[in-house]
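Since the structure comes first, as structure tokens, the remarks are kept for the end.
The values are calculated or read from the model by the stated rules, or taken from the named source; none is laboratory data. As the structure is a prediction and not an experimental result, all values here were calculated from the model. Neighbour counts are summed over all protein chains in view; Cβ atoms, including those assigned to glycine, are modelled from backbone coordinates with ideal geometry. Ligands, DNA and RNA are excluded from the accessible area calculation, which covers all protein heavy atoms including side chains. Shrake-Rupley method; radii C 1.70, N 1.55, O 1.52, S 1.80 Å.
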Amino acid sequence: MGVRKKYKRKIVRSNRLFYWYVEPDIDDEGIIKLHIVSEDKKLIVTYEVGQHSIKNKPPFIVIIGEEFEGWTTEYIGYRRVLTPQWSDEIITPKWIGEIIDWCLLKDKEINIVNWKGEILRPIS
């Protein structure tokens, strides 16, 4: 089954179609989150908007789908990894493209974090 396209924006990266949208996460106290989903639903990630401005807390992304380049351990549920310091005050298609490119980049440092963003262990 494909992705529900209503209220989602499209972006093409690496000759693949992705959909993205921003909405509050009711299960997480209404925190505004960016959601990115590939058309085949293999790459699914969420990013809490505004992490860049939080002092002493490195930003992280939540990997929900099975696809994430550089992940070498067995897939088990949601995974959280540190991200580069993106400027996330304004959500633009350029920034969405940077996130997708980073997720598909094979040679990157991956540090696993817990739900608070505290480093648990590096895997690369």
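Table for the structure above
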| item | result |
| --- | --- |
| Pair list, Cβ under 8 Å, 6 or more apart: the range 15-26 residue of a type in the set (A, V, I, L, M), other residue not in a loop (DSSP other than H, G, I, E, B) | Leu17/Lys10; Leu17/Ile11; Leu17/Ser38; Val22/Ile32; Val22/Lys33; Val22/Leu34; Val22/His35 |
| Residues of the range 1-15 satisfying the condition of being of a type outside the set (A, V, I, L, M, F, W, C) and either modelled with pLDDT of 95 or more or open to solvent by 100 Å² or more (accessible area, probe 1.4 Å) (or both) | Arg4, Lys5, Lys6, Tyr7, Arg9, Lys10, Asn15 |
| The lone exception for Thr46 - which of (1) buried (at least 16 other Cβ atoms within 10 Å of the Cβ); (2) of a type outside the set (A, V, I, L, M, F, W, C); (3) modelled with pLDDT of 85 or more; (4) outside any strand (DSSP E or B) it fails | (4) |
| Any hit, the range 97-107, residues being closer than 16 Å to Lys33 by Cβ and of a type in the set (Lys, Arg) | no |
| Index of the failed condition, Gly117 passing every other in (1) modelled with pLDDT under 90; (2) out of contact with any Lys or Arg (no Cβ under 8 Å at 6 or more places or on another chain); (3) open to solvent by less than 20 Å² (accessible area, probe 1.4 Å) | (2) |
| Filter result for the condition that a residue is touching a residue at least 60 places away in the same chain (Cβ under 8 Å) and farther than 17 Å from Arg9 by Cβ, over Gly77, Gly117, Gly97 | Gly117 |
| Among residues of the range 53-78, those that are closer than 19 Å to Asp101 by Cβ and either over 15 Å from the mean Cα position of the chain (by Cα) or surrounded by 13 or more Cβ atoms within 10 Å (Cβ to Cβ) (or both), counted | 12 |
| Which listed residue is of a type in the set (A, V, I, L, M, F, W, C), part of a helix (DSSP H, G or I) and open to solvent by less than 80 Å² (accessible area, probe 1.4 Å), from Trp86, Trp102 | Trp102 |
| Gly30 open to solvent by less than 20 Å² (accessible area, probe 1.4 Å) and closer than 26 Å to Val3 by Cβ | no |
